[in-house]
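See below for the structure under consideration.
The values are calculated or read from the model by the stated rules, or taken from the named source; none is laboratory data. These numbers come from a predicted model, not from an experiment. Glycine also receives a Cβ, built like all others from the backbone with ideal geometry; neighbour counts cover every protein chain displayed.
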Amino acid sequence: MTKLISSRSLFALFAVLGASAAACSGGATEAVDQASQALSDDGQTAVDANEQSSGALADAAFEAATADPAAAVEAMLAAAPPAVDGKCRSRAKDPSDPHTVIVTLTDCTGRFGKHRVSGTEIVHFTKGVEGVLHADFHSEGLTFDGRPANHTASADVTFANGARQVSWTGAFDTATAGGLAVTHTSTLTIEVDPATHCRTRDGSAVTTVGDRRIHSTITSLTVCRAADGDATCPIGTVTHTNEVSGKTVTVAFDGSAEATITTPKGATIERPLTCRE
């Protein structure tokens, strides 16, 4: 059975955004100013929220090869557990609804131990029109690093030539360690290729951190899974823009273990990634 490629490792890579060191471009040095640093930090918050919404909390919801809700439930239940969070995550069929899966997370930390997530995620499958599988997600009692969180999402999955296309809309709300409210919404198209074990996502997201509002654009961001289960280094770009200042930080990936960050002033920073070339 084909595994949906996990995005957990991908979004952990975005820690490169949090760098406050100098940036090098053409031999010149540009100190990262406070506004740029704040944008980098907000960008990190945005991708963490996006990973929780469309990655970790989506779990194995798109394992099915057909639009049949009952088959989708069985495929999700039978899917191999995540390599890292397998022992802290359990799945069970809702005893009152054969088309619903209850996912229970108990202090799950993800591949790099960046965050701790507990609570319950409810996934309900229905059959859409013309061979579309629809999935609705909502959380109950969710905590993110010990702070209350809330997740809702919906997805429509179409099947063609063995591949899957997922139309995703999601929302994830929580707070920073400093007490700032975080709200995140995303609209994504996710192409899943079971033959190559690759997933490509395109779309946009809006994240507010306190009174700051960040627009993120995700372009052809592709991650594959090697035969041993490790995620490969990504290809594609993610751009974060502060709505008020207009400042933009872009992170470009070329499939190597290094990302190129372009600062608002056009300087570039090369940062190593934790991934497999």
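All told, Val182 meets the bar of being under 23 Å from Ala153 (Cα atoms) and of a type outside the set (D, E, K, R).
Quick check on this structure: which one of Val182, Val166, Val157 is over 16 Å from the mean Cα position of the chain (by Cα), surrounded by 13 or more Cβ atoms within 10 Å (Cβ to Cβ), among the β-branched types (Val, Ile, Thr) and in a strand (DSSP E or B)? Give the derivation first.
Numbers: Val182 fails: over 16 Å from the mean Cα position of the chain (by Cα); Val166 fails: over 16 Å from the mean Cα position of the chain (by Cα).
Answer to the selection: Val157.
For every residue, the table says whether it meets (1) farther than 30 Å from Gly179 by Cα; (2) surrounded by fewer than 15 Cβ atoms within 10 Å (Cβ to Cβ); (3) of a type in the set (Ser, Thr, Tyr).
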position	(1), (2), (3)
Ala61	yes, no, no
Cys88	no, no, no
His99	yes, no, no
Arg116	no, no, no
Thr126	yes, yes, yes
Thr152	no, no, yes
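Evaluation of Asp145 against the conditions (1) in contact with a Gly (Cβ under 6 Å, 6 or more places away or on another chain); (2) surrounded by fewer than 17 Cβ atoms within 10 Å (Cβ to Cβ) shows that the sole unmet condition is (1).
Among the residues making up the stretch 245-277, those that are among the small types (Gly, Ala, Ser), in a loop (DSSP other than H, G, I, E, B), touching a residue at least 40 places away in the same chain (Cβ under 8 Å) and on the phi < 0 side of the Ramachandran plot are Ser245, Ala267. Annotation: Ala195 fulfils all but one of (1) of a type in the set (A, V, I, L, M); (2) closer than 23 Å to Arg116 by Cβ; (3) outside any strand (DSSP E or B); (4) in contact with a Gly (Cβ under 9 Å, 6 or more places away or on another chain); the unmet one is (2).
Quick grid of which residues meet (1) closer than 21 Å to Ala49 by Cα; (2) within 18 Å of the chain's Cα centre (by Cα); (3) surrounded by 15 or more Cβ atoms within 10 Å (Cβ to Cβ):
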| residue | (1), (2), (3) |
| --- | --- |
| Ser220 | yes, yes, no |
| Thr239 | yes, yes, yes |
| Ser245 | no, no, no |
| Val251 | yes, yes, yes |
| Asp254 | no, no, no |
| Ile261 | yes, no, yes |
| Ala267 | no, no, yes |
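What about Glu51, is it buried (at least 20 other Cβ atoms within 10 Å of the Cβ) and either in a loop (DSSP other than H, G, I, E, B) or modelled with pLDDT under 70 (or both)? No.
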